[in-house]
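To keep things clear, I will list the structure first and then write my remarks on it.
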Amino acid sequence: MLVKSLLRFRHYLRPYVGTILQGVLFSIVVALATAAVAGLLKPMFNDVFFPHTGAVAAAVPDVPAAAGQPGVDDLTGRRQGILDGLARQARDLVGYDRSRAYILIPGLFVLAFFIKAVFTFLSGYRMGGVGLRVVRDLRADLYEHIQRQSLRFFADHPTGTLTSRITNDVALLQSVLGTPLAESVRLLFSLIFLFAVALLLDWRLATVCMVVLPVTIYPAVRFSRKVKSSTWASQSRMADVANRLQATIAGRRVVRSFNTERFEIGRFRQVLDDLVRADLKALKYIVLTPPVIEIIGALAMASLAAFAGWRIAAGRLDPGDFVASLAALYWMYAILKRFARFGNDLTRGAAAAERVFAILDREREVVEAPDAMIVPPFSREIRFRNAHFSYGGRPVLRGVDLTLRRGEKVALVGASGAGKTTLVNLMPRFYDVDTGAVEIDGVDVRRFTLNSLRAQIGLVTQEVILFNDSLHANIAYGCPLASPAQVVAAARAAHAHEFIMALPEGYETILEEGGQSLSAGQRQRVAIARALLKDAPVLILDEATSALDNEYESLVQKALDELLRERTAIIIAHRLATVRAADRIVVLEDGRIVEAGTHDQLLARGGVYTRLHRLPVDTAGSRRL
């Protein structure tokens, strides 16, 4: 499962193959320099620290003397002869003078470390850059995939959860795909070359290493499963934190009005406590891995030292070879320890990858047909034909048949949950019908491209979304080529120009988050100006005047009456003044159309509309249906 999750990234790595190959090449140079440092320990020991080889030879006979022994020792003798021959050729090539080894060998040490440092930087920069770009591409794809989902998707995935996926989960992936990616490549090649050095110096020690050292990584493999499950739980709790944070900050006025600050603080602390418990469970296995590996590693190194000491005492191992081999094996052990730590990060990254790809694998419910066409100019009617829609198995619309003629203003009324907003959301394909169809001039909207379809429809909702940008940019949102004069004209039509010009910087005033520096009525008028500037032939007004006081509702209603004369408008409203201005009123109840007609016709019937009409007036003095 771990490998499968990480293999999903090959699509993101493919554009950077050239850079990755450069990083791998630089990593190979680093590994060779590391192996060279280990190899230089033999002449450092034999030629610099103990240059009088006679004393060493007297204590420990030279290994080639054993070459005449049968069996394995014949192989050892031949191997040593080959190595000595290669060493002589290398010395002749560089003009090696044993009497000056105390200068040359330390110099080679410095050169090897210099090369190692330079190419460590180069490999880290190149591979780390790949990791950063892959994370950028992944975040962009995740954001795009989320943006193109239907509204049903957002009902199933709270805002905090989606935010946590894009920020926290992808950040965990960055801990794998960033600098650790470069380090892991360097360590892998260093491990290979160090083992080659150990094998050439003394194959017996290397063989024992092949048996003993893998035991040291077993705890990391064992604990990684625990780390993965704990990380999954931790990221789920982090999503809960984000959801709680988003909900309480967005609803801060409600929290304060009900004096529930202490209650919300307590709930937030509880969510944080759940997060800490999940993190502590993962942390337990993460911090337990290194000491367990160190204990096993100490036993392994002690065994190797005892084995080497026995061979030195028996005259079968040169001390210089032993020092170099021991250094190579120690570095291999250190690399395995670092791999164990990286393995924990890799496991946590795999858990995050599964969560991210669970979002990316979610199929889009609203997709364009392969042969989708551009919407022709709207000319006749919009028709809902036997439209059914359900959410979570609960029917919301039950066979709605409704026709909106060009230029007609139709008001939708009904109790909360009757299906009004769901019905209008089918027009721009925020949802798709389960069965039935929505047609424009006789063509199913699913036959059109999404861009051309939504370009035909303007939308103003009760929940006004304004961005942290200038008022000009907010009104021109979706119409970037609109001239300042067009923006001003739209604002005038929505009766927003006056209050905008009263602001210190006029149309260049930067709005706070959500437009909180404006009143509810001002925000609504900016949203209406945005829809008017779009100049779409069809307008959806979903409680568009609900936040306006009577004075401005009257002004905006007059502007809408004039501007909608040649347009089709479908209006969801509760205020009687808004409803009465419609050409036709459609009453929904329990997902069905139960009545339709003019205000006077529906009152004369004495049905659902009459019952709604008899509701008391609101605090602004308007009757709400």
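If a/c stays under 1.5 just call it rounded; otherwise compare a/b with b/c (prolate if a/b is bigger, oblate if not). Do that for the range 145-193, with a ≥ b ≥ c from the square roots of the Cα gyration tensor eigenvalues. Note, shape of the range 145-193 comes out prolate.
For the set L481, L138, L25, L104, solvent exposure ranked by accessible area (probe 1.4 Å, protein chains only) runs largest to smallest as L481, L25, L104, L138.
For the range 352-404, the relative contact order works out to 26 percent when only alpha carbon pairs closer than 8 Å and six or more residues apart are counted. Distance between the modelled labels on L245 and R592, one decimal in nanometres: 4.8 nm (7 Å Cα→Cβ projection). Across the range 405-475, Cα-Cα pairs farther apart than 16 Å form 62% of the total. When W331, W310 are compared by accessible surface with a 1.4 Å probe, the order from highest to lowest is W310, W331. The distance between label points at Y391 and V17 comes to 4.6 nm (points 7 Å beyond Cα on the Cα→Cβ vector). Averaging the sequence gap over all C-alpha pairs within less than 8 Å and six or more residues apart, then dividing by the number of residues, gives the range 312-424 a relative contact order of 14 percent.
Solvent-accessible area assigned to carbon and sulfur over the range 343-492 amounts to 51 percent, based on a 1.4 Å probe. Between the beta carbons of E294 and I192, assuming R0 = 22 Å, the FRET efficiency works out to 0.40 to the nearest 0.05.
In this entry, the range 347-390 is assigned a mean projected area of 6.1 nm², taken as a quarter of its C-alpha convex hull surface. Sticking with the crude label model, points 7 Å out along Cα→Cβ, report the distance from E498 to A155 in nm, one decimal please. About 4.1 nm separates the two model spin labels. Counted residue by residue at 0.36 nm each, then reduced by the alpha carbon distance between them, the extension gain from F357 to A171 reaches 65.5 nm.
Per residue, the range 366-520 exposes 48 Å² of solvent-accessible protein surface, assessed with a 1.4 angstrom probe and all protein chains in place. The calculated Kirkwood hydrodynamic radius for the range 319-368 is 14.4 Å, given to one decimal from all distinct C-alpha pairs.
At the residue level, S184 shows approximately 20 square angstrom of accessible surface with a 1.4 angstrom probe and all protein chains present.
The values are calculated or read from the model by the stated rules, or taken from the named source; none is laboratory data. All values reported here derive from a predicted model rather than from experimental measurement. Don't worry about glycine lacking a Cβ; one is built from the backbone with ideal geometry, like all the others, and counts go over all protein chains shown. Note: accessible area is taken over every heavy atom of the protein model, side chains too, but ligands, DNA and RNA are not part of it. Shrake-Rupley method; radii C 1.70, N 1.55, O 1.52, S 1.80 Å.
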